[in-house]
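The values are calculated or read from the model by the stated rules, or taken from the named source; none is laboratory data. Source: prediction; values computed, not measured. Glycine gets a Cβ as well: all are built from the backbone with ideal geometry, and neighbour counts include every protein chain shown. Side chains included, ligands, DNA and RNA excluded: accessible areas come from the protein's heavy atoms. Shrake-Rupley method; radii C 1.70, N 1.55, O 1.52, S 1.80 Å.
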Amino acid sequence: MDKTKNKKHFRIRPMIIVLLGFLAVMLAGAFLLSLPISNTNGKWLNFPDAAFWAMNGVCGTGLVVTSTALSFTGFGQAILLLLIQFGGLGFMTIATLVFIIIRKKITLKDRVAIQEALGQDEIKGIVRLVRNIIIMTLVIEVVGAALLTPFFCIPNGAIGVWQALFNSVSAFCNAGFDVMGTPENPYASLIDYNHSYGILLIICVIAILGAFGFPVINDILKSKFHWKRYRFHTKVVLIMTASLMTFGALFFLTSEFNSAAYAGLNGGEKLLNSIFQSVTASSTAGFSAVDQTALSQTGKVFSCVLMFIGASPCSTGGGIKTTTFAVLLLMGIAGLRGKEEISVGMHSISIKNGLKAVAVVMLALILILCGACIISATMSDVPIGDIFFDTISAFTTAGLSMGTMNNNAMSVTGLFVLDIVMFIGRLGPLSLGLMIANQNKSGLKFPTSNIMIG
């Protein structure tokens, strides 16, 4: 009996397996990126910087301390791309792919871990979903790379093929990494291509697909694009994503029309870059088509709002998620109308989901505030607004930046804090909270008491 109890006591939770898997890949990636063969200067990269790069890759963040194109050799860039791909698919998805290839039996414990990692309600069909995820990812990234290739090859030659592939994978994984930097403009991202309708619109489509989430894309394909057959979750994601991106594009067009960020652009190009800025912030894709530091203060604040809301659950993007924001809005409306239930249309949302949404936002705000304050203490000469922008970007794994880290300007302490912030953001604050907190499963209820609100 004692041995049985001990086995139960030391059983590893599925989410801890995912967490340990991410950390193991990050450490392996840090070692490979630190090798002289990975760096253009032919020297070892110090481990804190290598770990920061690897964490960025695994989390799909794209906050860089030096130029990706100028710092890493082809080998180093390939390692970074593999980390980005791993982060986009997730540890359990990659592990399942390996099990399928070597024909290892996928146990019930494995399936439960996959279920939790993908946020699914039931375990039935979970392996088939993983297969679909891998196929969808490869198809979208390959098609995206093929469409981008002519736009990069014509001005840049053969290297344009690699640039197209790298940017396609980075866009779908909403990572924001690029290999477009030059000695004249090390942190160029897509600024040199902000006149190109082809490149920016293709990147937008790829990033939006990544932001939808695998279950949503799978549901759309299964339902054959028939709106009435979509799950309620799919409808909420599509409505919220379209609303946020449309409103964001109109907002940026208005607030930045005469700003320094849009200098030299004609009317059509300003609309194009407004759409791109809205998509790259709300999907947490992290590509820059305009100089983020040249945005108006209003534009910077709104970019933070879009990044904070972020993409959708089980997607390659970050943030508190569109569905969380939707539930909070519905809770607010229900509260103002004096209702005791959260409902929309013919659907009712459980109070438990509402409390989870509140918990996600509360934990996210605490993490961002604490992280920004600690970093600010180590970088007193940097405006606190820029630090908050980059901290929000780290938590939401967006990668947009005010340049606080360029040329290794940030301290080791600051990099370590950002590592923690972006890792928790990628894993999800609620997932971490559920692993740590003791959940009440007794079913015991206490008498209701009133407290004044407002």
(message) For the structure I just gave you, tell me whether Ile203 is crowded, with 22+ Cβ neighbours inside 10 Å and at pLDDT 90 or above.
(response) yes
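Does Ser196 qualify as being of a type in the set (Ser, Thr, Tyr) and surrounded by fewer than 22 Cβ atoms within 10 Å (Cβ to Cβ)? Let's see the steps before the verdict.
Values: of a type in the set (Ser, Thr, Tyr): yes; surrounded by fewer than 22 Cβ atoms within 10 Å (Cβ to Cβ): yes.
Against the criterion (of a type in the set (Ser, Thr, Tyr) and surrounded by fewer than 22 Cβ atoms within 10 Å (Cβ to Cβ)), Ser196 qualifies.
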(message) Please go through the stretch 124-157 and give me each residue that is open to solvent by 90 Å² or more (accessible area, probe 1.4 Å) and more than 25 Å from the chain's Cα centre (by Cα), ordered by number.
(response) Lys124, Ile154
(request) Can you tell me which residue among Ser348, Ser312, Ser376 is touching a residue at least 40 places away in the same chain (Cβ under 8 Å) and either out of contact with any Asp or Glu (no Cβ under 7 Å at 6 or more places or on another chain) or open to solvent by 30 Å² or more (accessible area, probe 1.4 Å) (or both)? (result) Ser312
(request) Could you figure out which of (1) open to solvent by less than 20 Å² (accessible area, probe 1.4 Å); (2) over 20 Å from Gly286 (Cα atoms); (3) of a type outside the set (D, E, K, R) isn't true of Gly181? (result) (2)
(request) Looking only at the stretch 289-309, count how many residues are over 17 Å from Thr391 (Cα atoms), surrounded by fewer than 20 Cβ atoms within 10 Å (Cβ to Cβ) and not polar (S, T, N, Q). (result) 2
(message) With the requirement that a residue be at pLDDT below 90, crowded, with 22+ Cβ neighbours inside 10 Å, farther than 12 Å from Ser170 by Cα and among the small types (Gly, Ala, Ser), what does the stretch 64-98 give you?
(response) Gly90
(request) Answer yes if at least one residue in the stretch 169-185 is of a type in the set (Asp, Glu), out of contact with any His (no Cβ under 8 Å at 6 or more places or on another chain) and outside any helix (DSSP H, G or I), and no otherwise. (result) yes
(request) Pick out the one residue from Gly385, Gly332, Gly371, Gly403 that is in a helix (DSSP H, G or I), surrounded by fewer than 18 Cβ atoms within 10 Å (Cβ to Cβ) and touching a helix residue (DSSP H, G or I) at 6+ places or on another chain (Cβ under 8 Å). (result) Gly385
(request) Scan the stretch 261-287 residue by residue and report those that are among the small types (Gly, Ala, Ser), at pLDDT 90 or above and either surrounded by 23 or more Cβ atoms within 10 Å (Cβ to Cβ) or under 16 Å from Leu250 (Cα atoms) (or both). (result) Ala261, Gly267, Gly268, Ser274, Ser278, Ala281, Ser282, Ser283, Ala285
(message) Taking the conditions exactly as written (within 19 Å of Gly286 (Cβ to Cβ) and either part of a helix (DSSP H, G or I) or open to solvent by less than 20 Å² (accessible area, probe 1.4 Å) (or both)), does Thr391 satisfy them or not?
(response) yes
(message) For the stretch 32-63, give me each residue that is open to solvent by 30 Å² or more (accessible area, probe 1.4 Å), under 20 Å from Val412 (Cβ atoms) and not polar (S, T, N, Q).
(response) Lys43, Trp44, Leu45, Phe47, Pro48
(message) Suppose we filter the stretch 130-152 for residues that are over 13 Å from Gly198 (Cα atoms) and in contact with a helix residue (DSSP H, G or I) (Cβ under 9 Å, 6 or more places away or on another chain); how many remain?
(response) 11
